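Here the structure is laid out as structure tokens; the discussion comes afterwards.
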Amino acid sequence: MSQMTSRRAFLSANIFREDSNVVRPPGSRVPGFLDHCTKCGDCIDICQEAVIAIDQNGFPVFQPGEDPCTFCGDCATACPTDALQIERLPDWPWRAAIETASCLSMNGVSCRVCQDNCEQNAIRFRLQLGGRAEPLLDAAACNGCGGCVTPCPVDAIALDRQPTFQTEARQ
């Protein structure tokens, strides 16, 4: 592997496992990102939305900020290795997931900041009895840009990896 391994990771046998729950930049190679990324930082420098940050091991991660990701592909174009490729942008597996129990609106507080920040109109609210409104996510409309994640005041929204289905050729 091209990364330095900590003693803790070595002793816990985590040195050869890539965490698939870590949100890597759009167009990332999964699995195998850690093997190809050189930690050069070119993807971070080029990102105009500032949605790419460095994790504790020095690798780039997708971290939504004030602006959502536009999936412009600049990060993939700037990557000198196969860690990020523009051809993989359409395969972005991350979508918003709402923890309704934590949602302020479900707890009687008028809040719809996620809906206001969703450029895809993938989040809407259904009125409930007792002055509550249930957040509804249209997974087909969500593109995983992260525009709703950061503004949520109670962290009730996170990005969740969606399963990828591969079809097999039948003979």
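The values are calculated or read from the model by the stated rules, or taken from the named source; none is laboratory data. In this text the structure is predicted, and so the values were computed from the model without any measurement. Positions of Cβ are backbone-derived with ideal geometry, glycine not excepted, and every protein chain shown enters the neighbour counts.
The table below lists the values:
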item	result
Conditions (1) in contact with a strand residue (DSSP E or B) (Cβ under 7 Å, 6 or more places away or on another chain); (2) of a type in the set (G, A, S); (3) modelled with pLDDT of 95 or more; number of the one not met by A139	(3)
Selection count, region 106-126, where residues are in contact with a strand residue (DSSP E or B) (Cβ under 7 Å, 6 or more places away or on another chain) and at pLDDT below 95	1
Residue that is among the charged types (D, E, K, R), closer than 26 Å to L34 by Cβ and not in a loop (DSSP other than H, G, I, E, B), where the choices are E134, E87	E87
Residue under evaluation I157, criteria (1) at pLDDT 95 or above; (2) among the β-branched types (V, I, T); (3) out of contact with any helix residue (DSSP H, G or I) (no Cβ under 7 Å at 6 or more places or on another chain); (4) within 23 Å of V30 (Cβ to Cβ), criterion not met	(3)
Boolean, A50 is modelled with pLDDT of 95 or more, in contact with a helix residue (DSSP H, G or I) (Cβ under 9 Å, 6 or more places away or on another chain), farther than 25 Å from D138 by Cα and surrounded by 15 or more Cβ atoms within 10 Å (Cβ to Cβ)	no
Unique match (being closer than 20 Å to E87 by Cβ and either in contact with a Cys (Cβ under 8 Å, 6 or more places away or on another chain) or hydrophobic (A, V, I, L, M, F, W, C) (or both)) among P25, P31	P25
Output for region 110-132, where each listed residue is over 17 Å from C148 (Cβ atoms) and either surrounded by 11 or more Cβ atoms within 10 Å (Cβ to Cβ) or of a type in the set (A, V, I, L, M, F, W, C) (or both)	L127, Q128, L129, R132
